[in-house]
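What follows is a short report on a single structure.
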Amino acid sequence: MMRLHRLLQACLLLTCLAAQAQPSTRHSPDALRAQVSEALTAQLPASSRVSVSPPDPQLQLPACPKPEVLLPATQQPLRGQLRVGVRCHKPQPWTVYLSATIQESRNYYLAKVPLQAGHLLQAEDLTIGQAYAENLPPGAVTDEKQWLGRSLTAAVAAGAPLRLQWLRSINVVSAGQTVKLVLEGAGFRIDSEGRALGNAAAGQSVQVRVASGQTVSGKAQAGGWVELEP
């Protein structure tokens, strides 16, 4: 009886060891997510962030030694919501699709120094921060054109984000005003004058009628002159 008991114990031990030595017959869901994330990350700039949703927990896929990630066929930059496939060719073919989200960090402007209400913004007043879309401050100014030629309607503390609702346009060129026109190119500069046909803040386009009666377009500059567009 003792010998039979020991024999049963030995058989049970061998069965357990065999089970431990046997490789998994299912493809890990975590491995799927990691493979998709790695393939996407390799195609993106360092400023991008990738998140991959887990597959259906009920999904039971046979183990695959060399899964192939199927990225979307597009010439456009990868961004936003995507469906990315993973395909196994052998030993048992299968294909599954996972949802992925790609986010890009965006620049936004902050006050470099304390700024008072009424101040006309200059480049030296500001510094640039970065954040993903969901972390951007509400109403954040993300483009130079949004603050160029504008003054503040409220004081802004150093390090605080600049907000669209605090900006007010200031016209540097007014309709009917005689303005200096400047056209610059490679190795030349031409100065002339004309009469502005509209109001414009710094950086905004404005039409100007010159002495010949011709109308030209240019960008209003902070000094009240217009840079012509070649």
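The values are calculated or read from the model by the stated rules, or taken from the named source; none is laboratory data. What you are looking at is a predicted structure, and each value in this text was computed from that prediction instead of being measured. Virtual Cβ from ideal backbone geometry, glycine too; neighbours counted across all protein chains shown.
To keep it simple, each residue is scored yes or no on (1) under 27 Å from Pro138 (Cβ atoms); (2) out of contact with any strand residue (DSSP E or B) (no Cβ under 9 Å at 6 or more places or on another chain); (3) touching a residue at least 24 places away in the same chain (Cβ under 8 Å).
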site: Pro62; (1), (2), (3): no, no, yes
site: Leu71; (1), (2), (3): no, no, yes
site: Pro77; (1), (2), (3): yes, no, no
site: Ser105; (1), (2), (3): yes, no, yes
site: Gln116; (1), (2), (3): yes, no, yes
site: Gln122; (1), (2), (3): yes, yes, no
Failed criterion for Gly185 (all others in (1) loosely packed, with under 15 Cβ neighbours inside 10 Å; (2) touching a His at 6+ places or on another chain (Cβ under 9 Å) hold): (2)
Within the range 154-177, tally of residues that are closer than 25 Å to Val206 by Cβ, surrounded by 14 or more Cβ atoms within 10 Å (Cβ to Cβ) and in contact with a helix residue (DSSP H, G or I) (Cβ under 8 Å, 6 or more places away or on another chain): 2
Residue within the range 120-138 that is more than 30 Å from Thr41 (Cβ to Cβ), among the β-branched types (Val, Ile, Thr) and not in a helix (DSSP H, G or I) present: no
Unmet criterion (only one of (1) under 18 Å from Leu164 (Cβ atoms); (2) modelled with pLDDT of 90 or more; (3) not charged (D, E, K, R)) for Leu120: (2)
